[in-house]
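Working notes for the structure below.
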Ligand SMILES: [Zn+2]
């Protein structure tokens, strides 16, 4: 890992991005706690109270085949309700997504409070994280498609 000798002050657009990601992460975590997934098998939709949330997946709606991200919302919602086994059944990367989502809250808040961004560490570790996540999603999708055959 590259060591930073000095952090740079946050620019206005960087501050805005941190605020947007912080608010978005908080809203997503709160939404995951409010939404639930009824026990109606693997085709069950997420619901708020008695209102079913429609599928937003264009790929699945057109092809009938789940995309690499299908089930991730239901997986995260189940985790927010401590249903680990059901979460795994909907998507194997739900735990990773929830951890990354929750981790955004202290990271973004601390960065905004400090007013500085540790740039050199950020670029390397974030790149590795995104590449790893994309690779894991691709491998997970292949296993999902094999299971559907
Ligand atoms: Zn999808």
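The values are calculated or read from the model by the stated rules, or taken from the named source; none is laboratory data. None of the values given here were measured: they were computed from a predicted structure. Here the Cβ positions follow ideal geometry from the backbone for every residue, glycine too, while neighbour counts run over all protein chains shown.
Worth pointing out:
- In region 56-71, the residues that are under 19 Å from the mean Cα position of the chain (by Cα), farther than 19 Å from residue 139 by Cα and exposed (fewer than 14 other Cβ atoms within 10 Å of the Cβ): 56, 58
- Cβ separations smaller than 7 Å between residues 6+ apart or across chains give the following pairs from region 49-78 residues that are free of Cβ contacts under 8 Å to residues at least 24 places away in the same chain to residues that are in a helix (DSSP H, G or I) and surrounded by fewer than 12 Cβ atoms within 10 Å (Cβ to Cβ): 55/61.
- Residue ID - farthest from the ligand (Cβ to nearest atom), chosen from residues in region 100-121 that are farther than 23 Å from residue 142 by Cβ and without any contact (Cβ under 8 Å) to a residue 60 or more places away in the chain: 113
- Looking only at region 87-99, and only at residues there that are in a helix (DSSP H, G or I) and closer than 17 Å to residue 145 by Cβ, the one that is farthest from the ligand (Cβ to nearest atom): 89
- The set of residues from region 59-80 being in a loop (DSSP other than H, G, I, E, B) and more than 7 Å from the ligand (Cβ to nearest atom) comprises 64, 65, 68, 71.
- Region 79-88, residues that are touching a residue at least 24 places away in the same chain (Cβ under 8 Å) and surrounded by fewer than 16 Cβ atoms within 10 Å (Cβ to Cβ): 81
- Residue under evaluation residue 17, criteria (1) more than 16 Å from the ligand (Cβ to nearest atom); (2) at pLDDT 95 or above, criterion not met: (2)
- Screening 35, 84, 30 for residues that are in contact with a helix residue (DSSP H, G or I) (Cβ under 8 Å, 6 or more places away or on another chain), away from the ligand (no atom under 14 Å from the Cβ) and at pLDDT 95 or above leaves exactly one candidate, 84.
- Matching option when the condition is within 15 Å of the chain's Cα centre (by Cα) and more than 28 Å from residue 44 (Cβ to Cβ), among 88, 130: 130
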